[in-house]
1. When you look at residue 130, is it assigned to a helix (DSSP H, G or I) and over 22 Å from residue 173 (Cβ atoms), yes or no?
2. Return the pair list, or none, for Cβ contacts closer than 6 Å from residues in region 156-183 that are within 18 Å of residue 5 (Cβ to Cβ) to residues that are modelled with pLDDT of 95 or more and assigned to a strand (DSSP E or B), at least 6 apart or on different chains.
3. Restricting to region 1-17, what's the tally of residues that are in a helix (DSSP H, G or I) and free of Cβ contacts under 8 Å to residues at least 24 places away in the same chain?
4. Given the options 130, 92, name the one that is touching a residue at least 40 places away in the same chain (Cβ under 8 Å) and out of contact with any Leu (no Cβ under 9 Å at 6 or more places or on another chain).
Amino acid sequence: MRLEIGIIAIMEQVLGMPAERRAQFEWLRNKPQPEHFTDAYADIRALYAELEGDWEGTTAKTDGYLIPDAYFPEPYHFIFEFDELQHFTSYRERTLRFYPPEMPLAYEVETYRQFCRRHHTEALAKGPARFRRATADFPYANGRAAQRAFFDTFRDWLPPLHGLNPTVRLAEFEVRPILNGELTADAAKEYMEQILRKKLGGFPYTLARGAPNRNDRINQIT
């Protein structure tokens, strides 16, 4: 079973509502667009250049949605991402340097940068060769890791620009007592509640202003 499935199930218990597992947002796509990033477009293009992306390759590839691990609707109104080891590379650390200090986030950037510095080597080594392949937009060795880091930035920057609350992220290192079976059932739920209370600042999570029009979201719940 994919690790995030069990974590999302516990979050559903804590938050008291089911998550949408295949939510799609019109503005969360696999290519940076000025109309999606608005005033942050120059910043995302600068980050793209920092990662040595290939713009011709980016524009030529097929348009597609970036599907979040989960979306918790009102009153929480946030995307959830579960970050396994392979996310914590030097590429991700480089993206985090570009985050404006005033950007609303539901996790500590410096903690994530420390995770990246600590786990970069093993993060790149994890998984099959396709985790390290070149991609159309990042056509070099470990291009897939750079692409993953770039898309993680989309998932952080875009939701608040489009009326959602900040994306909630959990690193696998934060929930190891659950993943290794040390905590189960009610103990796992209580542990998760403590984490979420810290990240969300109490329940219910305040509904973001300017909630997006329902027509801007396509739900594909499986």
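The values are calculated or read from the model by the stated rules, or taken from the named source; none is laboratory data. Note that the structure is predicted; figures quoted are calculated from it, not measured. Here Cβ is always computed from backbone atoms with ideal geometry, including for glycine, and neighbour counts include all displayed protein chains.
1. Values: assigned to a helix (DSSP H, G or I): yes; over 22 Å from residue 173 (Cβ atoms): yes.
In short, yes.
2. Within 6 Å, the pairs are 168/78; 168/80; 169/81; 169/83; 170/82; 171/83.
3. To start, the set of residues in region 1-17 that are in a helix (DSSP H, G or I) comprises 3-15.
So of that shortlist, the ones also free of Cβ contacts under 8 Å to residues at least 24 places away in the same chain come out as 5, 9, 12.
Number of matching residues: 3.
4. Numbers: 130 fails: touching a residue at least 40 places away in the same chain (Cβ under 8 Å).
One residue alone meets the criteria, 92.
Every residue, every condition in (1) surrounded by 13 or more Cβ atoms within 10 Å (Cβ to Cβ); (2) farther than 24 Å from residue 64 by Cβ; (3) not hydrophobic (A, V, I, L, M, F, W, C), yes or no:
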position: 127; (1), (2), (3): yes, no, yes
position: 131; (1), (2), (3): yes, no, no
position: 134; (1), (2), (3): yes, no, no
position: 148; (1), (2), (3): yes, no, yes
position: 158; (1), (2), (3): yes, no, no
position: 168; (1), (2), (3): yes, no, no
position: 177; (1), (2), (3): yes, yes, yes
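Conditions (1) of a type in the set (Asp, Glu); (2) modelled with pLDDT under 50; (3) touching a Lys or Arg at 6+ places or on another chain (Cβ under 8 Å), marked per residue:
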{"site": "176", "(1), (2), (3)": "no, no, no"}
{"site": "184", "(1), (2), (3)": "no, no, no"}
{"site": "192", "(1), (2), (3)": "no, no, no"}
{"site": "208", "(1), (2), (3)": "no, yes, no"}
{"site": "221", "(1), (2), (3)": "no, yes, yes"}
